[in-house]
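For reference, the structure discussed in these notes is given below.
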């Protein structure tokens, strides 16, 4: 819940401080799952904190990517790349 509550911060500075505190608390727990999560978050901290610049995510891009993958799977693969890109443009443009 503490990690989730960090996303309620409005200021990036406050979020940075709270995220670093969460990482330290997680490491002190000495639970393998929390240590792994803390290390992962620490490695990607700058990318995570970019959310607080304009409070947006890449969810739209991920959704579009999944639609393309589903379309490709329904076509049973792609043999003609130009035609595939043409059909994508017609369907999603």
Handout entry: Subset of the range 1-12 (residues that are loosely packed, with under 13 Cβ neighbours inside 10 Å and either modelled with pLDDT of 90 or more or assigned to a loop (DSSP other than H, G, I, E, B) (or both))
Key = 1, 8, 10, 11
Practice task
Would you check if residue 16 is under 30 Å from residue 92 (Cβ atoms), in contact with a helix residue (DSSP H, G or I) (Cβ under 7 Å, 6 or more places away or on another chain) and free of Cβ contacts under 8 Å to residues at least 60 places away in the same chain?
Solution key: no
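This table checks each residue for (1) at pLDDT below 85; (2) assigned by TED's automatic domain parsing to the domain that holds residue 27; (3) part of a helix (DSSP H, G or I); (4) farther than 30 Å from residue 14 by Cβ.
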site: 42; (1), (2), (3), (4): no, yes, yes, no
site: 47; (1), (2), (3), (4): no, yes, yes, no
site: 66; (1), (2), (3), (4): no, no, yes, yes
site: 69; (1), (2), (3), (4): no, no, yes, yes
site: 72; (1), (2), (3), (4): yes, no, yes, yes
site: 78; (1), (2), (3), (4): yes, no, no, yes
site: 83; (1), (2), (3), (4): no, no, yes, yes
Exercise for the section: Look at residue 26 and say whether it is within 22 Å of the chain's Cα centre (by Cα) and surrounded by 13 or more Cβ atoms within 10 Å (Cβ to Cβ). Expected result: yes
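The values are calculated or read from the model by the stated rules, or taken from the named source; none is laboratory data. For clarity, every value in this text was computed on a predicted model and none was experimentally measured. Neighbour counts are summed over all protein chains in view; Cβ atoms, including those assigned to glycine, are modelled from backbone coordinates with ideal geometry.
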